[in-house]
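Shown next, in structure tokens, is the structure this report addresses.
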Amino acid sequence: MPLFLIAQRIEKLESPLAEIRLENLDLISFDTKDQLFASTTAGDIYLYDQNGQQLNLFSPTRQGRLSQLEASWTVNIFSFSADLQEYRILDRFLNPLAEEGFSLAEINMAKAATLGNNNVVWVWDESDLSLKSMDYLRNLIIQSQPLNLIQNAGDLKVSEIREFKNRLFMNVPESGVYIFDNQGNLMRKLEVQGIKKLCYYNEHLLWVTDGKLMAISLAKNEILTLATIENLAISYIQIGQERLAIVSINKVSLYETPNWIKTLK
């Protein structure tokens, strides 16, 4: 499907509501109440309220950098570390509910993982270039989908995978974003490169490049330039219900979600 560039009014962000400073800041994620979870490069996870006040801290006994942090599910928080080859599921108060390694013979080198519906953990296994789904309650592989349909699959540098509205998105910054159905079958590819972290709002994928906040419609393949962002040192953005977060070095800037983003359908 070809991409379409749409001309529109370019907005600007107002002043932030709050700024969170955290040494060795790495990943962030909003929950459904706009609480912010933030991890450090050591794997510690901090919890902040929607105004940037710290509420809690989880520090694992076995420390390692997280490759994935997800709080957007209704009940659980999910984290995954490719360095440690393990994932963890916590409750909203950062109490661990499950902590497992990928010791199954079918998963030898998990490079990306994400939580899915119905007690599923999706895993990108680089050892055999397969996308696998695992029932984490039973520690059992449900299905394995080789990605041999993707050209040069062996060269894919997958940075993350994430489920969104019953589809699985695989982010390969050098190549684009691959979209799979809930059985792991490739549906299509978005020809957008350089996205550091997947960020969704309604049926749009948002990212920052060259000081601009961009969006692509997942339904129409239209690319929009939404706003200019003066801070060129930003790394990526995430959006909650009524909050937008901009991540730069050791800092998260919190904003009210602008109305011009809320108009995205």
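The values are calculated or read from the model by the stated rules, or taken from the named source; none is laboratory data. None of the values given here were measured: they were computed from a predicted structure. Glycine gets a Cβ as well: all are built from the backbone with ideal geometry, and neighbour counts include every protein chain shown.
Numerical summary
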{"quantity": "Gly43 crowded, with 19+ Cβ neighbours inside 10 Å and over 23 Å from Leu104 (Cα atoms)", "calculated": "yes"}
{"quantity": "Tabulated pairs, the range 251-263, first of a type in the set (S, T, N, Q), second exposed (fewer than 15 other Cβ atoms within 10 Å of the Cβ), C-beta under 9 angstrom, 6+ apart or interchain", "calculated": "Ser253/Leu17; Ser253/Glu19; Ser253/Asn231; Thr257/Gln241; Thr257/Glu242"}
{"quantity": "Residue in the range 243-251 that is surrounded by fewer than 19 Cβ atoms within 10 Å (Cβ to Cβ), in a strand (DSSP E or B) and not hydrophobic (A, V, I, L, M, F, W, C) present", "calculated": "yes"}
{"quantity": "Yes/no for Lys220 being under 25 Å from Asp34 (Cα atoms), of a type in the set (Lys, Arg) and exposed (fewer than 15 other Cβ atoms within 10 Å of the Cβ)", "calculated": "no"}
{"quantity": "One residue from Asp135, Asp49, Asp128, Asp83 being under 23 Å from Lys251 (Cβ atoms) and in contact (Cβ under 8 Å) with a residue 12 or more places away in the chain", "calculated": "Asp49"}
{"quantity": "Filter pass, Ile20 being under 17 Å from the mean Cα position of the chain (by Cα) and modelled with pLDDT of 95 or more", "calculated": "no"}
{"quantity": "The range 12-27, residues that are in a loop (DSSP other than H, G, I, E, B) and among the small types (Gly, Ala, Ser)", "calculated": "Ser15"}
